[in-house]
Each structure stands twice: as C-alpha cells, then as structure tokens.
C-alpha cells in the first residue's frame, strides 16, 4: 500500500496553481442530470471521488467523456434511477444525485450511505427538504427511494444541530429549480461551493437568487439546457498549500487562490505570523495570485470551526500542525464534527504536545517536531501529517495515503516542485 516518505527541514519556495474544487465539481456533475443537452465542466480535478461520480453517472444513463481536466456529460437514458451501494459506499457525495434524479425523472433510488472516520453525517435534512417539496420517501432493501409525480415549491428550512448542510442544500436547490412555483430555502448553506452550483444552474436557465446567503429563492422553470462552466478553485487545497509554505518558513506564490473564500483562515494565519498578500489588486479575489511568507517565530492563536464564512472544519487539522511550532499555547475548538481529532495521537508521535478535552484541543507549541512513522485515518488529517513531516527533523513515513488521494491531486509532486524532499513509496501492509 502506498505511503509518503518525507525528509523534513526543507524550506519551500516557488509557485503553484490551485486545482479546481472537488467539493464544487461533485454536486455540479450530479446537477448535469437536470439538463436536456450536454454539460461541460472545465478544470475538474481528476481525483478518485470524481472517477466514482462519473462512474455513477454512467450507471444513471449518462454518456460521460473526459479530456484532460474537462468532463462532458450527456443524458442518453432517463429510465435509470438507481445509485447502487457498490458505488455509493466509495463516496459519500453520491447522495447529491437525490435531488437531480427526483426533479428530472420523478424517482430516485440511492443506497443509504454509512458513517465515516470523522463521525456520522445523517441524511435526514436531505430527506426532510425533499419531502417538503412533495417527495414520498421509503426505505427499501437499504435504498432510500423517493418518488413524486410533481414537485411543488414551498418554504424549506435546512438548519441542523451543527449548522446548515452543504449537500442537503444543493439537493433541495436542484429539486426546486424544476418544481412548480416558488421555493424559499431558509437557513441554506452559504459555502462558495453551493453558490457555484447555483450559478451553474442559473446559466442552464434556472431562476435563482440569494446564493451565498442563508435565504435562497428559486422560481421553478420547465426545463434546463446545457452549459459550459469553469470549476472554481479549491479553497481547502489552497489553504493546505498556504500552511505548507508557512510550516517550512517558505516563500511561495499561489495562482488562482480563492482569497475571498478564505478570509476567516487568513485572519487567523495573520495573527499567527503568516502573511498572505494579494499580488495584483486588480485580479478577482475569488481566483488571484498571492505570496505567502512567515515571521521568524509563530504566535499562538485561538480558533473555532464554523459554517462558512467561519473557519472551515476541513482546515482544522492542517492549521493544528502549524500551531505545534508556535511560541505558546493555542486553543482549537471543533464545532462541526466534534470527533474530528484522529490526527491528534499521530501528531503526538511526532513530538507535539496536545491536550484534548471534548471538542477542544490545547496545542502547546514546541521548538521542533520529530519525524516518525504515522498513519492517516481521514482525508484532512492525512494532509496535516504530511505538513508536519515537511517541518519535522528527520524522516516521516505517512501510511494509508489513499485518504489523501481522495482530495489532493498528486500532492507529493506539487510539494516536491516547491523543494520538498517527498516521495511516494510502498509502505507495506497496514
């Protein structure tokens, strides 16, 4: 099984371009089921999750073609409505076909997804929102089965115990665009990935207003056409690369950096002594060029993960790795997934001093980290271990990096291009 071997202590320098967003591309690919003509998405990161989604679309009667980072989807058989378990179990985002299938074909049969390493992520908000639009929901042989002769607009409340749901919002949004009348999605997720899907649907002919705010208004239309869209840059990949530059005290330029989508992170990084400077003020801040530099010593900070525009949970682990080298005690609180601390014991193996109490971790900064064999347990935690390895003294071996490959496209090659001593090796059995 593949692993990453890292010789720490190399200062990163150079430039990179941020990849397209996986979390925007996946629901956008699913939304192609709504179109009566081909949909083309450009700048799609060719990750395993993307491959699984295109395979699923093939099962659902679509002809999918790829050319480099461009994917084109054309529906050829509208009779297929079943997303089987053997595909759904490989990728939780498969659930985002629920809304498009229901709206376009009147029925959706999607295998019930399980939990994951960072805790259960229930689907009740998805189902509650689609039921409000008129869907009848049953559970048959482990599949969620939704049927409806006609969807009707209404007011749908999407708030949950840990905030709004991103994929739940996109599911209801995709169903509402073909529903009869007006739908108001209240407590909608405000994440940029939701706004991207809304902008794509509008380009296809949907009548949508308010994306990026907690209230989205949708006036149903009869049909949607094809579209040709460029996928937005990945804010989590961008944040990870910025922390990679910072943790090695590097000097790195990132192109297509989503500055406006990372303001909460940039605020905390600046407080810690990491400076992200936009190079050309005339560039759109959603995809601009920035330079990352770092003060000689890092300062401790406090942060709490929150729904957008707050600090994203998907960057909590990476920034925790950085704070292991700060002068003093930092406090990290996880409000989205309270159990998302599987990286903590692995960082401890590298010399970090971390004290967890429930959903909070106190990070006692140290002078250095020490390389060690470590094991990844989830996508963002694996990125945190790689970042720690870049700064650690000696060699770090990160095993089970198939987690990393779900969200980062050849991360080791990107980091090696900036001067890191990192390579993919056979890590043996785990």
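The values are calculated or read from the model by the stated rules, or taken from the named source; none is laboratory data. Quick caveat, the model's predicted, so the values are computed rather than measured. Here the Cβ is made from the backbone with ideal geometry for all residues, glycine too, and neighbour counts use every protein chain on show.
Test of understanding: among 385, 342, 415, 347, which residue is buried (at least 16 other Cβ atoms within 10 Å of the Cβ), within 25 Å of the chain's Cα centre (by Cα) and closer than 19 Å to residue 16 by Cβ?
Exactly one of 385, 342, 415, 347 is buried (at least 16 other Cβ atoms within 10 Å of the Cβ), within 25 Å of the chain's Cα centre (by Cα) and closer than 19 Å to residue 16 by Cβ, namely 415.
Could you grab me the full set of residues in segment 348-379 that are at pLDDT 95 or above, in contact with a helix residue (DSSP H, G or I) (Cβ under 6 Å, 6 or more places away or on another chain) and not in a strand (DSSP E or B)?
Those that are at pLDDT 95 or above, in contact with a helix residue (DSSP H, G or I) (Cβ under 6 Å, 6 or more places away or on another chain) and not in a strand (DSSP E or B): 350, 369, 372.
Looking at 55, 105, which one is modelled with pLDDT of 95 or more and farther than 27 Å from residue 402 by Cβ?
Values: 55 fails: farther than 27 Å from residue 402 by Cβ.
After ruling out the rest, the residue left standing is 105.
Yes/no matrix, rows are residues, columns are (1) closer than 30 Å to residue 396 by Cβ; (2) exposed (fewer than 15 other Cβ atoms within 10 Å of the Cβ):
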position	(1), (2)
10	yes, no
47	yes, no
53	no, no
56	no, no
60	no, no
63	no, yes
92	yes, no
95	no, no
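Given 178, 146, 173, which one is surrounded by 19 or more Cβ atoms within 10 Å (Cβ to Cβ), part of a loop (DSSP other than H, G, I, E, B) and touching a strand residue (DSSP E or B) at 6+ places or on another chain (Cβ under 8 Å)?
Criteria check complete, one pass: 178.
Just for segment 418-430: of the residues that are at pLDDT below 95 and touching a strand residue (DSSP E or B) at 6+ places or on another chain (Cβ under 6 Å), which one is nearest to residue 20 (Cα to Cα)?
The residue in question is 427.
Quick check: anything in segment 255-262 assigned to a helix (DSSP H, G or I), buried (at least 17 other Cβ atoms within 10 Å of the Cβ) and either in contact with a strand residue (DSSP E or B) (Cβ under 7 Å, 6 or more places away or on another chain) or not assigned by TED's automatic domain parsing to the domain that holds residue 418 (or both)?
Yes, segment 255-262 contains at least one residue that is assigned to a helix (DSSP H, G or I), buried (at least 17 other Cβ atoms within 10 Å of the Cβ) and either in contact with a strand residue (DSSP E or B) (Cβ under 7 Å, 6 or more places away or on another chain) or not assigned by TED's automatic domain parsing to the domain that holds residue 418 (or both).
Which residue, of 252, 221, is in a loop (DSSP other than H, G, I, E, B), touching a strand residue (DSSP E or B) at 6+ places or on another chain (Cβ under 7 Å) and either touching a residue at least 60 places away in the same chain (Cβ under 8 Å) or in the same structural domain as residue 195 (by TED's automatic domain parsing) (or both)? Spell out the reasoning first.
Details: 252 fails: in a loop (DSSP other than H, G, I, E, B).
None of the others qualify; the one that does is 221.
Against the condition surrounded by fewer than 24 Cβ atoms within 10 Å (Cβ to Cβ), within 20 Å of residue 226 (Cα to Cα) and touching a residue at least 60 places away in the same chain (Cβ under 8 Å), how does residue 40 come out, does it pass?
In short, yes.
Name the one entry in 90, 72, 54, 65 that is in a loop (DSSP other than H, G, I, E, B) and either over 21 Å from residue 133 (Cα atoms) or in the same structural domain as residue 141 (by TED's automatic domain parsing) (or both).
90
Looking at segment 65-80 only, could you name the residues that are surrounded by fewer than 21 Cβ atoms within 10 Å (Cβ to Cβ) and more than 20 Å from the chain's Cα centre (by Cα)?
Hits for segment 65-80 are 65, 66, 67, 68, 72, 74, 76, 77, 78, 79, 80.
What pairs can you find where one residue is in segment 127-156 and on the phi > 0 side of the Ramachandran plot and in contact (Cβ under 8 Å) with a residue 12 or more places away in the chain, the other is surrounded by fewer than 21 Cβ atoms within 10 Å (Cβ to Cβ) and assigned to a helix (DSSP H, G or I), and their Cβ atoms are less than 9 Å apart, with a gap of 6+ or different chains?
Cβ pairs passing all conditions: 142/85.
Across segment 389-412, which residue is nearest to the chain's Cα centre (by Cα) among those that are within 13 Å of residue 7 (Cβ to Cβ) and crowded, with 18+ Cβ neighbours inside 10 Å?
412
With the condition kept exactly as written, say whether any residue in segment 286-294 is within 21 Å of residue 194 (Cα to Cα) and either touching a helix residue (DSSP H, G or I) at 6+ places or on another chain (Cβ under 8 Å) or not assigned by TED's automatic domain parsing to the domain that holds residue 377 (or both).
First, the residues of segment 286-294 that are within 21 Å of residue 194 (Cα to Cα): 286-288.
This time we only want the ones that are either touching a helix residue (DSSP H, G or I) at 6+ places or on another chain (Cβ under 8 Å) or not assigned by TED's automatic domain parsing to the domain that holds residue 377 (or both), so: 286, 288.
Yes: segment 286-294 contains one or more residues that are within 21 Å of residue 194 (Cα to Cα) and either touching a helix residue (DSSP H, G or I) at 6+ places or on another chain (Cβ under 8 Å) or not assigned by TED's automatic domain parsing to the domain that holds residue 377 (or both).
Yes/no matrix, rows are residues, columns are (1) at pLDDT 90 or above; (2) assigned to a loop (DSSP other than H, G, I, E, B); (3) touching a helix residue (DSSP H, G or I) at 6+ places or on another chain (Cβ under 9 Å); (4) not assigned by TED's automatic domain parsing to the domain that holds residue 220:
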position	(1), (2), (3), (4)
101	yes, no, yes, no
110	yes, no, yes, no
116	no, yes, yes, no
121	no, yes, yes, no
131	yes, no, no, no
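Does residue 319 satisfy being buried (at least 19 other Cβ atoms within 10 Å of the Cβ) and assigned to a helix (DSSP H, G or I)?
yes
Restricting attention to segment 283-315, which residues are part of a loop (DSSP other than H, G, I, E, B), touching a strand residue (DSSP E or B) at 6+ places or on another chain (Cβ under 9 Å) and loosely packed, with under 15 Cβ neighbours inside 10 Å?
Selection gives 295 alone.
Just to verify a result, which residue in segment 205-218, among those that are in contact (Cβ under 8 Å) with a residue 40 or more places away in the chain and touching a helix residue (DSSP H, G or I) at 6+ places or on another chain (Cβ under 7 Å), is farthest from residue 63 (Cα to Cα)?
The qualifying residue farthest from residue 63 (Cα to Cα) is 216.
Could we say that residue 189 is touching a helix residue (DSSP H, G or I) at 6+ places or on another chain (Cβ under 7 Å) and surrounded by fewer than 23 Cβ atoms within 10 Å (Cβ to Cβ) here?
In short, no.
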